[in-house]
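Bear in mind these aren't lab numbers, they're just calculated from the coordinates by the rules spelled out. Bear in mind the structure is a predicted one, so any value in this text is a computation, not a measurement. Glycine gets a Cβ as well: all are built from the backbone with ideal geometry, and neighbour counts include every protein chain shown.
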């Protein structure tokens, strides 16, 4: 891959100037003629009957154009993965984020004021806030139509014989690990503007990560509302972060649609920061029972995991995260015998969603913490047990993942060397080192029937290239990556490429920004489209230059003969010749790339991804034995990325993921106390600030994935997957206490230290 | 956010007249980092805001005798002031840790104190630096010791319409050192889980204390102190103040008494920490558990005293950089 001009280069993000100068148009900035402002009223209680709901005062407030309640939702419409979530609840509320009424008014202030005028009388009901309680026999049912609070989902994977392997294991480590709610903290809060035309076709400006799937969701909703055969157009403004939070449609979007339908005006609903904390769906908390064993040489014999997830009151993608948890559970390191079951349980808490890593961080926290415990029992260095069991190219894992490229061993060695493991490990002097690895899908993930993405490329008279892609830019830099790939294939400059990626009326289909798939799938799709358009260009240029196609190449927008560079023609001229010729043609190419990966079968086997991403994080910490505070002194994040299309953006993903992981490990948690969110603001939700950033070295390991565009694999999610266990392992190495409950707060560390020394707390 | 009148008086008298004319509905505003938050949260809906930003006679730092700081001086101005860094270090410690740089550029010490949150960072330093609050009212000026100024959570000894003009502190010699430790979960944009300020005045018979060649090291203060074991450094005067662990910022007076007149040693400071911990009344909240806060009072009181002592012994800031701590 020598002589690459754009791929592999540190090229700044295409949209950086817009964002840096404040010219990017976010949903907050959008204003349509006649637009009204919506506001939602949420439930006061986590579980209650609504005895009386009086909106008359709100409706009478000057400037209010509509007030809706659950009674105004047509035909009992519900949305979400299990269609258990009405956009406005009536009769009964199941959580404090339940939407019970909504207002549209001519200003935001009037809408806010009107919501306060809605009178609600509740009869409070006892709630269930602990999934273990909710599973007990005789527990009150959240959804009366179900037979149990445990969701009917088939999360179970078995390989080999765990019981037999237990008997044969020389060492077994077993424990429970728990994780907390964390939220995405997107800098741009959620919002949308819904607008109907005279024929009741819907245009919705949305922050979604899944324009094509959201379009479908909204179409389904319109059908239920009685609007058949309508069109839905989804337009995305600049999106201020996603991280999975926008992978499902939300009640507020349906509320905006219903308000727009009622008022015949465009209606905007934008969340305040407090609403963003309350009413978007976080990462789900888990209770994990894990047991792992190895033989006398440290070779892993089995892994058994039972998990309980707090689903919250309604069901979104959070309930499907066990499918991705299976990836590390079955395939991180070579483990022949596996047993995994997971239960998702309804509670009167907030319902959960997708969040970067999609369950992988919770599973990896248990696996990698427990692996260190196993190493201790077996008397093996934690590095050694990971070396012995590391995945390798050519391997087929218990879930039938076909491992192609795999740089895990290189990642481990990078960490060992850069952390000076030999000299720093095992000192117990208040300073310690720890490591943890990860596997994640790196070549898309076939979670739907399709895993595809379309690209259209057209070239205009001036030699400028429009790349119209199905994939969305949510801040991750896909626009730039796609432009680099097209620039490289075509031989035109970055500035000549315009990426269009925000309008379902224009853009081809894509399943969305998830599963770290965009560079791989949208990149491959764009690569194919670029090759197709290049062939067309070369065909016309060949005629004009009187040279065979094979002799031609293009650089910087000029096509030339490789034999005689004097024989050349600018791209723009080729285009004009194509257009201004009798019987002429336009230059447009389209390409749909659907990777050759597989859906899981009923036993959860199948090659989910074309390629798998690996990585190892190593961390050196200092623990203050008197205060319990953990300080990160050094952080190495080594990632097998196949090939870095843009090392600068890639490092950004690693830094960003790593820091999000540090927050997850050391401080972030949503405090839901008996159904009430106690810290729904940035003062009390302790997301790390710029001052808390540890020194992170992002190490790029390139394993050249043959199926990836220019050898690349996905990197969107991996950065935060192994962070928490790496830190937990380092804390153990520093002071000899293991924190098994995230986040690792100073209180927990100090309490563990005191208990270890036999002191009372 | 409702609508309100906004006034920009240029003198204390004019501001007080506007307040009197507001019929009890006026609110003074200075940096606005507390008032605006309350308004946006709809916890405060003033009839009018009376800005103190243009009032020149509230914006002064006078070092001619002791230290006098106007109430409209920003945290950043305090944090960067050479004399405050040198002689009133607890105050610059605290001012430099409030919120973020952007907040410190507008938020004023007067606002921090008058808001009277138990977590106000500058309160503990003022308590240990024997500050008095200079208050302007209709009948002229009066001075109230800072310890009597805080009445309870968000309650201070201000009459209707009165304005805090500033804070006055006595002069301290090079034998006095002070420190403030803010215990937080992150490095910026955080309130203290607890705060501890300490001031000590050290006496050594016959000799000058201070940096000597042997001491000009980057060694830990615990080790440095050991070199003074034979010389009997005596703690002549001491103040200890605690934030967040009581309804209002408080002095740990029993701990102070136990420290005064004693020959200093790290072991003594451990004991003082324990006394201070027994004096406070921390509560469980989402921001911290009571047992942890109490235990941190013990640990951080010791550390704050050590740091204050260090600032007397090694006054050159190049040899006690932040990383020592």
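General remarks:
- Distance distribution P(r), the range A:211-268, all Cα-Cα pairs, bin width 5 angstrom from 0: 4, 16, 25, 30, 15, 7, 3 percent.
- Centroid-to-centroid separation of the range A:637-673 and the range A:377-455 [C-alpha atoms, Å]: 16 Å
- For the range A:1-137, the equivalent ellipsoid derived from the Cα gyration tensor has semi-axes of 40, 27, 13 Å, listed largest first.
- The range B:71-103-the range A:81-146 distance, computed between alpha-carbon centres (Å): 47 Å
- Here the simple spin-label model places points 7 Å from the Cα toward Cβ, and for residue A:579 and residue A:57 these points are separated by 6.3 nm.
- Residue order, fewest to most beta carbons within 10 Å, for A:47, A:579: A:579, A:47
- Each residue, residue B:38 and residue A:417, gets one label point 7 Å from its Cα in the Cβ direction; the gap between the two is 6.0 nm.
- Averaged over the residues of peptide B:184-191, the number of Cβ atoms from other protein chains lying within 10 Å of each residue's Cβ is 6.
- Global form of the range B:5-51, assessed from the alpha-carbon gyration tensor, a/c cut-off 1.5: oblate
- Taken over the range A:452-593, the alpha-carbon convex hull comes to 101 cubic angstrom per residue.
- Relative contact order of chain A, pairs being alpha-carbon contacts under 8 Å that are 6 or more residues apart, as %: 16 percent
- Rounded to 5, percent antiparallel among DSSP beta bridges of chain B: 85 percent
- Of every Cα-Cα pair in the range A:630-761, the percent that sits beyond 27 Å: 33 percent
- Separation of alpha-carbon centers, the range A:458-493 and the range B:179-199, rounded to whole Å: 50 Å
- Size-normalised alpha-carbon gyration radius of the range A:577-636, reference 2.2 N^0.38 Å: 2.63
- Partner chain coverage, peptide B:282-293 - average Cβ within 10 angstrom: 3
- Cα-Cα separations in the protein assembly as shown greater than 60 Å, expressed as whole percent: 17 percent
- Label-point separation in nm, residue B:188 to residue B:253, each point 7 Å along Cα→Cβ: 4.0 nm
- Principal-axis tilt of helix B:290-313 within chain B, Cα atoms, nearest 10 degrees: 70 degrees
- Among A:555-563, A:444-452, sorting by the average number of other beta carbon atoms lying within 10 angstrom of each residue, highest first, gives A:444-452, A:555-563.
- Theoretical FRET efficiency, 1/(1+(r/R0)^6), r = Cβ-Cβ of residue A:674 and residue A:565, R0 60 Å, to 0.05: 0.20
- Expressed as a fraction of 2.2 N^0.38 Å, the value expected for a compact globular protein of N residues, the C-alpha radius of gyration of chain B is 1.03.
- Sequence-separation-based contact order of chain B, relative, with Cα cut under 8 Å and 6+ spacing, percent: 15 percent
- For the range A:631-761: relative contact order, % (alpha-carbon pairs under 8 angstrom, 6 or more apart): 36 percent
- Acute angle (nearest 10 degrees) that the helix B:266-279 long axis makes with the longest principal axis of chain B, alpha-carbon atoms: 40 degrees
- Computed P(r) (all Cα pairs; the range B:56-169; 5 Å bins; percent): 2, 13, 25, 28, 20, 10, 3, 0
- Using the alpha carbons alone, the radius of gyration of the range B:176-324 stands to its Kirkwood radius in an Rg to Rh ratio of 0.99.
- 10 Å Cβ neighbours from other chains, averaged over peptide A:678-685: 2
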